[in-house]
Every structure is written in structure tokens, then in C-alpha cells.
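In what follows, a single structure is set out as C-alpha cells and then discussed.
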Amino acid sequence: MNFIPSYIELLHNGELYKRAEKAYASLASCTSCPRDCNVDRINDEYGICTSGHLPIVSSYTPHFGEEPVLSGTSGAGNIFFGNCNLKCIYCQNFEISQNPKIEKQKEVSHNRLAEIMIELQSKACHNIGLVSPTHFSATILKSIYLAAQQGLKLPIIYNTNGYDSVEMLKHYDGVIDIYLPDFKYGNSEYAKTYSLVDNYFEKTKEAIKEMYRQVGDELVYDGDIVVRGLIIRHLILPNDLSDTEKVFKFIAEELSPNVHISLMSQYYPTNKAYKDILIDRALRNSEYNKALQLLEKYGLHNGWIQEMESANNYKPQFNQDRLNPFKN
């Protein structure tokens, strides 16, 4: 199979340029995510994500810690964007997601971000992974357009926390081949407490429905590597603070039981988790087993599960090594 990414056709017919310009213009009254801050980021007004109009690239590297069908043998070409539209008190990437004064120094031009994509392609990465792209979704399209002009031909992964704007995702229809959203909570009250965000469950359902509309429930492979499809990640939190059953029920009944789930057991208390006793501990075997039982209950048989020991394998050290934070 000689896979051609969807954005190539949009490049040739002029649509990719039009989408990029329209998305960027929306930053004058930002609605890049459901927070709808309506600030003028083009003129350096900041909303919840504390980000301007240029992307912040905190790190980029071939990454081997994604699902095997994405990392393959040469790694996913991950680009880690600084800052975030959520404020998770347990964020494992807090060194770059909640440190805006430092990360501001990592701001890059659209052309530089395009060059990074080409550089990762030259390292034989299987794809380009946009990690935490939501708050820069209105500006990343410009770089994708520039990179495609320069010969980018890898599938692009939209690796998001799930709290995305449906209207912004429509700009990415036919641009993104692989959607990799987190579905953090089946309960918006928990999301308010632990990620400081309103209406997470409702807004994330809408966003993932749009992702599903674009790419469906089938994974398309080129050899052993997925090049198109939807994979939903769900991190099990202590004390069922992720409300896993509601997440699985939604996927099975409102999307498709054939959707691939990546069930993650890698939770460990970090960042500000010490401030809340309910989340300030590791996951228990009983909690992990309950999540496995819920997969069976809702007939969700496609995907991957992490072993309980995974927490020790996914601890990034961005402050120690920006070039290789996962010690690949």
C-alpha cells in the first residue's frame, strides 16, 4: 500500500490554503476550543491557555511510547506543544503544559514548525504527532500547508485532550487522517474539580462525534502501521474519578462498538495531585480490573490495554532533556 495523506489533495485544489487562512483569522476572537475566550490572540491578548498566535513547540522527537501501531519501529514524529486549554492538577506533562512564562520562549514561526515536520519525516518517523494541539489548532494549519508544499507526505495524528471545538475540527476534515483523543471524564463535575473546565463530558462527546464522522471506526493500515482512523484513549483515574462506565457507554451506543480503545493504566500522582486525597495515589488492581470488565460489558473488543506496571514507563522529563524527554 502506498498511502497518500488526505491533505495532499486539499493542497493541490487550493482548499488547504483557504482553510489555513480562515482558521488563523479566527484567532482575532478566539474560539479554538469550547472555552470561547473571544480574545484577540493575533494582537497578544491571552485567554485561559495563555498563548498567542504563534505555536509553542516545547519538544519534538521520534517517540516510541505511543500505541504500537503508531510508534512502529521508527517512532511517531511527535511535536509537543506548550501550554494547554485544560489545567489538570495531575497532568503528567505539567512541566510544559502549565509553565507559560518559560514556554513562551519556545514560540516558533509557522515556517519553523513546518521545518520541524519535514525534519521528523527525514528521520523516518511513521507519522507526525501533534500532541496537545487544541489551543493552537487555528494556527497549526498554516504550518501543515507550508510543510505540504515542502514535501510532507506523512499521515498526521491529532493527539488531543478531547476538549475541542467542533467548528475548528471541521477545518481539519480531510487534513487529519488519525484522531487520537483522550476521553478523560464521563462526569463534568469531576472535570471541573480536576481539570478546572466546564462541560467537559458534553463538549468532548460533540468533538469525538465529529472526529468519528470524519474517519469512522475502521483503522486503515499500511503494513503494521495505522495511517487512518480513530483511537480513543481513556486514562483510568483512582476512585473512578474518570467515570469510565459513562465513557464506554457513550462510545458503544452513540459511536460504534468497533471503535478502538486504548485503555491506559499509567496514572501516577504528580503536579498538584497532592492537594486532593482522592487522586493522590496510584491506581489499584481492583480499579484496573473493573475497567476491563466494563470493556466487556459494552462489547468494546478492539484496541489496546496497558499493564499495571506502565506508570513507571511514561514519566517524561521535559525539564531535564527537551530533545529526549522520554529517554527513548
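Things worth noting here:
- Failed item in (1) without any contact (Cβ under 8 Å) to a residue 12 or more places away in the chain; (2) crowded, with 21+ Cβ neighbours inside 10 Å, with SER122 passing the rest: (2)
- VAL226 being assigned to a loop (DSSP other than H, G, I, E, B), out of contact with any strand residue (DSSP E or B) (no Cβ under 6 Å at 6 or more places or on another chain) and of a type outside the set (D, E, K, R): no
- Qualifying residue in segment 249-264 (condition: over 22 Å from the mean Cα position of the chain (by Cα), of a type outside the set (S, T, N, Q) and part of a helix (DSSP H, G or I)): yes
- Only one of the numbered conditions (1) assigned to a helix (DSSP H, G or I); (2) more than 17 Å from the chain's Cα centre (by Cα) is violated by CYS125, and that is (1).
- Selection status of ASN159, of a type in the set (S, T, N, Q), farther than 28 Å from SER109 by Cβ and at pLDDT 95 or above: no
- If you check ILE79, ILE89 for being over 18 Å from ASN324 (Cα atoms), outside any helix (DSSP H, G or I) and of a type in the set (Val, Ile, Thr), only one passes: ILE89.
- Between PRO5, PRO62, PRO34, the distinction of being part of a strand (DSSP E or B) and either over 20 Å from the mean Cα position of the chain (by Cα) or at pLDDT 95 or above (or both) belongs to PRO62 only.
- Of all residue pairs spaced 6 or more apart or on separate chains, those with beta-carbon atoms under 8 Å, a first member in segment 45-71 that is free of Cβ contacts under 8 Å to residues at least 24 places away in the same chain and surrounded by 18 or more Cβ atoms within 10 Å (Cβ to Cβ) and a second member that is of a type in the set (A, V, I, L, M) and part of a loop (DSSP other than H, G, I, E, B) are GLY47/VAL39.
The rows are residues; the columns are (1) within 30 Å of ASP280 (Cα to Cα); (2) β-branched (Val, Ile, Thr); (3) buried (at least 16 other Cβ atoms within 10 Å of the Cβ).
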residue: THR193; (1), (2), (3): yes, yes, yes
residue: LYS203; (1), (2), (3): yes, no, yes
residue: GLY216; (1), (2), (3): no, no, yes
residue: ASP222; (1), (2), (3): no, no, no
residue: THR244; (1), (2), (3): yes, yes, yes
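- Within segment 23-72, being over 26 Å from SER262 (Cα atoms) and of a type in the set (Asp, Glu) holds for ASP36, ASP40, ASP44, GLU45.
- Extreme residue, farthest from VAL247 (Cα to Cα), among residues of segment 265-294 that are among the hydroxyl-bearing types (Ser, Thr, Tyr) and free of Cβ contacts under 8 Å to residues at least 12 places away in the same chain: TYR274
- Scan of segment 265-278 for residues that are of a type in the set (Ser, Thr, Tyr) and assigned to a loop (DSSP other than H, G, I, E, B), ordered by number: SER265, TYR267, TYR268, THR270
- Some residue of segment 198-205 being in contact with a Leu (Cβ under 7 Å, 6 or more places away or on another chain) and either closer than 29 Å to ALA273 by Cβ or in contact (Cβ under 8 Å) with a residue 60 or more places away in the chain (or both): no
- Exclusive hit being of a type in the set (D, E, K, R), under 19 Å from the mean Cα position of the chain (by Cα) and either assigned to a loop (DSSP other than H, G, I, E, B) or at pLDDT 95 or above (or both), set ARG233, ARG281: ARG233
- The requirement of being surrounded by fewer than 20 Cβ atoms within 10 Å (Cβ to Cβ) and of a type in the set (S, T, N, Q) is satisfied by SER188.
- Criterion violated by LEU146 - all others in (1) buried (at least 18 other Cβ atoms within 10 Å of the Cβ); (2) in contact (Cβ under 8 Å) with a residue 40 or more places away in the chain; (3) in a helix (DSSP H, G or I) satisfied: (2)
The values are calculated or read from the model by the stated rules, or taken from the named source; none is laboratory data. Everything numeric here is computed off the predicted structure, so don't read it as measured data. Virtual Cβ from ideal backbone geometry, glycine too; neighbours counted across all protein chains shown.
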